[in-house]
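Have a look at the structure below, then the notes.
The values are calculated or read from the model by the stated rules, or taken from the named source; none is laboratory data. Fair warning: this is a prediction, and the values are worked out from it, not measured in the lab. All Cβ positions, even for glycine, are placed from backbone atoms using ideal geometry, and neighbour counts span all protein chains on display.
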Amino acid sequence: VVSGYYSAVKTHRPTHLAEVERVRDEIRALPFDEGLLLLIEDAAPRLREIETWVDVDDPDVASFRLEDVNADPRHWVDLMLKHCGVNLSTDELETVLHDVSREALQARDLAQREAGSESHYRVDRKSFRDVFKPEHHAALEAIVPGLAERLGYPSA
């Protein structure tokens, strides 16, 4: 939700989709906390979709948390690739990790933009732990009770 907020209001280029731009304009017009609440409301269908697969016990379904991947990319990216049947040598894995690092992706993104424009990769990397208030947790809980905890994100 927090990433979605910053993507909507700061870093993504305009789209040709009128509905997306309407929601972005609505969010930009609100104070931060209210914008997050609107985004949570707007994300309700996607949150309900996530709820349908979060507890699936199926060897073909793998779940990964971005925080874990960021903390130990070699381990987690290797697990992701192996889950998909892709087995890389150590050197190949290092190449992949380098090519898809935040720094490499940000450099490619900036190279495609006009001089002086902001990258898609935001500098302010606050997470829900930094910005969510009780009303944000309550809004998520109202849409998908218990989902945050089931995904490994405690409400407080």
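Could you please let me know if residue 53 is over 22 Å from residue 10 (Cα atoms), among the aromatic types (Phe, Trp, Tyr) and modelled with pLDDT of 95 or more?
Working: over 22 Å from residue 10 (Cα atoms): yes; among the aromatic types (Phe, Trp, Tyr): yes; modelled with pLDDT of 95 or more: no.
For residue 53, the condition - over 22 Å from residue 10 (Cα atoms), among the aromatic types (Phe, Trp, Tyr) and modelled with pLDDT of 95 or more - is not met.
Any idea which of 89, 7 is within 19 Å of the chain's Cα centre (by Cα) and of a type in the set (Ser, Thr, Tyr)? Steps first, answer last, please.
On the way: 89 fails: within 19 Å of the chain's Cα centre (by Cα).
Testing whether each residue is within 19 Å of the chain's Cα centre (by Cα) and of a type in the set (Ser, Thr, Tyr) leaves just 7.
Contact list please: Cβ distance under 6 Å, first residue in region 99-110 and without any contact (Cβ under 8 Å) to a residue 60 or more places away in the chain and assigned to a helix (DSSP H, G or I), second residue surrounded by 14 or more Cβ atoms within 10 Å (Cβ to Cβ) and small (Gly, Ala, Ser), pairs at least six apart or on different chains.
106/119; 109/119; 110/119
For region 16-29, does any single residue satisfy the condition of being within 18 Å of the chain's Cα centre (by Cα), acidic (Asp, Glu) and assigned to a helix (DSSP H, G or I)?
no
Can you pull out every residue in region 26-40 that is exposed (fewer than 14 other Cβ atoms within 10 Å of the Cβ) and not hydrophobic (A, V, I, L, M, F, W, C)?
If the condition is that a residue be exposed (fewer than 14 other Cβ atoms within 10 Å of the Cβ) and not hydrophobic (A, V, I, L, M, F, W, C), then 28, 31, 33, 34 are the ones that fit.
Condition check ((1) of a type outside the set (Lys, Arg); (2) surrounded by 11 or more Cβ atoms within 10 Å (Cβ to Cβ); (3) in contact (Cβ under 8 Å) with a residue 12 or more places away in the chain) across all residues:
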residue	(1), (2), (3)
19	yes, no, no
24	no, yes, yes
52	yes, no, no
57	yes, no, no
65	no, yes, yes
69	yes, yes, no
81	yes, yes, yes
84	yes, no, no
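Can you spot a residue in region 64-80 that is part of a loop (DSSP other than H, G, I, E, B) and among the small types (Gly, Ala, Ser)?
Restricting attention to region 64-80, the residues satisfying the condition of being part of a loop (DSSP other than H, G, I, E, B) are 64-65, 72.
Then drop every residue that is not among the small types (Gly, Ala, Ser), which leaves none.
No, region 64-80 has no match at all.
One line per residue, one yes/no per condition, for (1) within 30 Å of residue 138 (Cβ to Cβ); (2) of a type outside the set (Gly, Ala, Ser):
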| site | (1), (2) |
| --- | --- |
| 2 | yes, yes |
| 15 | no, yes |
| 21 | yes, yes |
| 50 | yes, yes |
| 74 | no, yes |
| 81 | no, yes |
| 85 | no, no |
| 107 | no, no |
